[in-house]
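J.: Quick one: this structure, given as structure tokens, is what I'll be asking you about.
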Amino acid sequence: MASVGETLKKAREEQGWSVDWVASELKLRVDYVRAMEEDRWNVFPAPVYAKGALRSYARLLKLDPEPLVDIVRETLEGKIQPRHFHTSGDSGQGWWDKMLFNFTLVFWRRWVVFVFILVFIVGAIVIFALVRKGDSAQKNPIKPTVVMPSSIPGEQLPLNPRR
């Protein structure tokens, strides 16, 4: 019986597709496609990525993905641990790569919900303050004063309202 990788490679070659074309269709790196065809599942960061990529690849090749995924799942259980980012020593990665990797560790859904709630609360407080300010302006309205021009420049005299 052929391995999962051999099955994928054989089906791809029967279609006449190159590894580069398959990688671009699947939106994967070329080395991931080659790794799947060589049964090197440990290159993926976690088993979930390996199984997802395998499903996509099998569907592209019009193969039933579930039997292949079951075989890979049995192979992967306990063998692949998520890769950790090594910041000690010279790993060949710059500060930008380290920063981007650390952003992937953040639970973005929680933060987005938290920020949304915070913005909502601040917005409600601002609106409440503006409404209260508007109410106080209506309670103590400023009475307009009618002025009459004076003969002296810059001086204005109030009109007698009883006239």
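J.: Can you tell me the FRET efficiency between Asp97 and Ala46 if r is taken as the Cβ-Cβ distance and R0 is 22 Å, rounded to the nearest 0.05?
T.: 0.75
J.: Can I ask one more? Of all trypsin sites (Lys or Arg not before Pro) in segment 1-66, which ones are in loop regions per DSSP and have a Cβ with at most 12 other Cβ atoms within 10 Å?
T.: Details: sites: Lys9, Lys10, Arg12, Lys27, Arg29, Arg34, Arg40, Lys51, Arg55, Arg59, Lys62; in loops: Lys27, Arg29, Arg40, Lys62.
In loop regions of segment 1-66 (DSSP not H, G, I, E or B), the sparsely surrounded trypsin sites (Lys or Arg not before Pro) are Lys27, Arg29, Lys62.
J.: Report relative contact order for segment 4-83 in percent, whole number only (criteria: Cα-Cα under 8 Å, sequence separation at least 6).
T.: Values: 71 pairs, mean separation 26.8, N = 80.
Relative contact order here is 34 percent.
J.: How about segment 1-56: which GluC sites (Glu not before Pro) there lie in a loop by DSSP and see at most 16 other Cβ atoms within 10 Å? Can you show the working numbers first?
T.: Details: sites: Glu6, Glu13, Glu14, Glu25, Glu37, Glu38; in loops: Glu38.
Here the GluC sites (Glu not before Pro) that fit, given the DSSP loop and packing criteria, are Glu38.
J.: Please work out how much length the chain gains when fully extended from Lys27 to Lys133, using 0.36 nm per residue of separation minus the C-alpha to C-alpha distance, in nm with one decimal. Mind dumping the intermediate values first?
T.: On the way: separation 106, 0.36 × 106 = 38.16 nm, distance 5.51 nm.
Gain on stretching Lys27 to Lys133: 32.7 nm.
J.: Hey, with R₀ at 45 Å, roughly what FRET efficiency would Gln15 and Arg109 work out to, going by the Cβ-Cβ distance, to 0.05?
T.: Numbers: r = 38 Å, r/R0 = 0.85.
So, using R0 = 45 Å, E works out to roughly 0.75.
Rule-based calculations on the coordinates, nothing more; no lab input. Note that the structure is predicted; figures quoted are calculated from it, not measured. Please note: Cβ atoms are built from the backbone with ideal geometry, for glycine as well, and neighbour counts cover all protein chains shown.
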